[in-house]
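Have a look at the structure below, then the notes.
The values are calculated or read from the model by the stated rules, or taken from the named source; none is laboratory data. Because the structure is a prediction, the values reported are computed rather than measured. Methodologically, a virtual Cβ is constructed for each residue, glycine included, from the backbone with ideal geometry; neighbour enumeration extends over all protein chains shown.
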Amino acid sequence: MAEAEIRKVGLFTIRENRVLLCRKKQGALILPGGKREPGESSLETLTRELREELGGEVRLLEPTSLGVYLDRTASHAAEASKTIEIELYGGVLQGTPRASNEIHTLIWFGAADPWQTLAPSLARQIFPDLIRRGLLQWEKPCRF
C-alpha cells in the first residue's frame, strides 16, 4: 500500500465489551479522533479532537499507544482512493460522551453489530489486530 495521504490519531475506548465509535452525517463508523494541527503532538491532537467531538466535559485518562494502522479511507467520494494512517491510542473516558460539532451520532459498537457499517481500517486492520492481541474480547463474526 502507498504512503498515507491522510494521517489521524484515534481513540480505542471500551465499556461493557463495546467500543465507542462515531459517525458524521453520512458514511461509515469511525473512531473518535482526527487530524493533527501544526505543532501538535499525537496526544495533544487526540485531547483536542475528543473535546471537540465528544464534548468539553469528557477527559481522557491513562492514554496508551496501541500502534499505527494503514488502510484505505472510508468510502467518501472525495477520498475513495486515498490511504489513511491511524495512530491508535487506548484509554478510559471520564464523563459521558455526547456527539458534538461534525459528529452526528455516537455508537457503542459490539461484536454482533454489523461490521459492514465500519470504516475499512476498523474492520480489516484495527479490530482484528485488537482481537488477536486480546485487547478486544470478541470473535470476528465475518469477513469484511
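With respect to Gly10, is the statement that it is buried (at least 19 other Cβ atoms within 10 Å of the Cβ) and under 17 Å from Ala123 (Cβ atoms) true? Answer is yes for this residue. Just checking, how many residues over the stretch 87-144 are free of Cβ contacts under 8 Å to residues at least 24 places away in the same chain, outside any helix (DSSP H, G or I) and surrounded by fewer than 14 Cβ atoms within 10 Å (Cβ to Cβ)? Qualifying residue count for the region: 4.
The strands (runs of 3 or more DSSP E) found entirely in the stretch 4-85 that carry 2 or more residues being under 21 Å from Pro128 (Cβ atoms), in contact with a helix residue (DSSP H, G or I) (Cβ under 8 Å, 6 or more places away or on another chain) and at pLDDT below 95 are 59-72.
Residue count for the stretch 104-127 satisfying the condition of being aliphatic (A, V, I, L, M) and within 11 Å of Leu31 (Cα to Cα): 6.
For the stretch 15-43, filtered to residues that are over 19 Å from Tyr69 (Cα atoms) and surrounded by 13 or more Cβ atoms within 10 Å (Cβ to Cβ), the residue that is farthest from the chain's Cα centre (by Cα) is Glu40.
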